[in-house]
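Step one of this worksheet: look at the structure below.
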Amino acid sequence: MAMNIPFTTNKFSKIIRNLSPGWFASVMGTGIFAVASKYYACYWSWLNNIAVFLWIINIILFLGLIVPWTLRWFIFYDHTRRDLNHPVTGQFFATLPIACLVLAVDFLLLGTGYIGVVLAVKIAQGLWITGVVLSLAMAFIIPVLNVFNKITIEDINPAWFMPPVSLIVVPIAGAKLIPYWPQSLQKSLLILNYASWGSGFFLFMLIAVICIYRFFVAPPLPGSLIPTIWIYLGPIGAGVISLLNLGSVSAPFMGSLVTPIINLFGLLYWSFGCWWLIAASVITIIYIFKKNLPYALSWWAFTFPLGAYTCATYLISITIQSEALRLFGFLCYWVLAFCWFIVFSNTFIRGYTGTLFKDQPIQGFL
């Protein structure tokens, strides 16, 4: 028995040392898939069970990742700092705060029916506060590091959206939590949610221009980073959900006219996602035919952005009462289900066999 201890210790140490900062993208993707399953259970009721199953998996994923992620800061600080300063891998540190925010949504939407409203809301509030603090930190720290580190145009990719644009995700759960805070805090927290959304939205617009410029003047993205082009759908889908959630709680504070105005802008914002959904699909298919799409953790970018857009489509369809739009969202849901299954299976197999924790160049961490 004693002979196995060093092996086990060394193996766990290797996992911590080589843990990619992008692992929490799996929590993001699984969490939004759970939300989408709950929404589209309006067509098939058994999707409610799928949603709960995914919620449980997501809790396990989060708890299983947070321990080695935290230990890495203390045991392998040099490796963590190297990743944080890298212009590509550094962006993926934002997956943790976004994962906290998405998990908060899971507890609000699914947890209330199984662990009670009071406990589910308390957990969601704790996750939301953690996500807000970390999102604010990442939104400033990582872009500032990019300013002082040596950056080439080839380093720019849509993963750059994640640190500042994580602020767009804040109101998804934040708006729903407004009624659960003390009344004296509600208006201030509503303003905080709007400020977070506004900051994330305009940063998305700025960085989107930079990334599109990179596509036109620099060599094509390597195959391992192609999934990041789907990240454009993340700020769009999450932004629409946040807006609609904010609109539903703003009337008592800002008047009844604010809701239809927000809903209209949400529809226009959602429309931009239609174009990007087609463009990302075409580019991805081209890379598949070229056999230049090797598995990497960046594959999780196929899930959360598409999931956010799928959920946004559902909410827009409810807002404007369009069954055709809801059916389009249901189609997107099955594409999401296919992507999640493929990505989760590949991640599980490679994680179980240790392939994802091998010593490798920093680019391979994605």
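We did not get these values from a lab; they are worked out from the coordinates using the rules stated. The structure presented is a predicted model; accordingly, all values stated were derived computationally and were not measured. All Cβ positions, glycine included, derive from the backbone under ideal geometry; neighbour counts span all protein chains shown.
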Expressed in angstrom, Rg and Dmax over the Cα atoms of the stretch 129-273 are 16.8, 54
Using only Cα atoms and rounding to the nearest 10 degrees, what angle (0 to 90) does helix 117-148 make with the longest principal axis of the chain?
60
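Please rank Ile229, Ile16, fewest neighbouring Cβ atoms within 10 Å first, as an exposure proxy.
Details: Ile229 23, Ile16 20.
Result, fewest neighbours first: Ile16, Ile229.
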Could you state the angle between the C-alpha long axis of helix 95-109 and the longest principal axis of the C-alpha atoms of the chain, as a value from 0 to 90 degrees rounded to the nearest 10?
40
Using +1 on the beta carbon of Lys and Arg, -1 on that of Asp and Glu, and nothing else charged, what's the dipole of the chain about the Cα centre, debye to 20?
460
Helix 258-289 vs. the chain, principal-axis angle (Cα, 0 to 90°, nearest 10):
30
Simple spin-label estimate for Leu206/Ile288, 7 Å along Cα→Cβ, in nm, reads 3.6
Take the Cα pairs of the stretch 242-366, get the Kirkwood Rh, then feed it into Stokes-Einstein at 37 °C and 0.692 mPa s and tell me D in µm²/s.
193
Per DSSP H run of n ≥ 4, the term is -39500 (n - 2.57); total these for the chain, divide by its residue number, and report the mean residue ellipticity at 222 nm rounded to 500 deg cm²/dmol.
-25500 deg cm²/dmol
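Which loop-located trypsin sites (Lys or Arg not before Pro) does the stretch 240-346 contain, where loop means any DSSP state but H, G, I, E or B and the Cβ has at most 13 other Cβ atoms within 10 Å?
On the way: sites: Lys290, Lys291, Arg326; in loops: Lys290, Lys291.
Passing both the DSSP loop test and the Cβ count: Lys290, Lys291.
Arrange the following residues from fewest to most other Cβ atoms within 10 Å of their Cβ: Glu154, Glu323. Working shown, then result.
Details: Glu154 14, Glu323 8.
By the 10 Å Cβ count, ascending, the order reads Glu323, Glu154.
Multiplying the sequence separation of Lys14 and Phe215 by 0.36 nm and subtracting their Cα-Cα distance, what value in nm do you get?
Details: separation 201, 0.36 × 201 = 72.36 nm, distance 3.58 nm.
That works out to 68.8 nm of additional length.
Taking the Cβ of each residue in Val117, Val35 as the centre, tally the other Cβ atoms inside 10 Å and list the residues starting with the fewest. Spell out each step's value before the answer.
Numbers: Val117 12, Val35 25.
Least crowded to most crowded, the residues run Val117, Val35.
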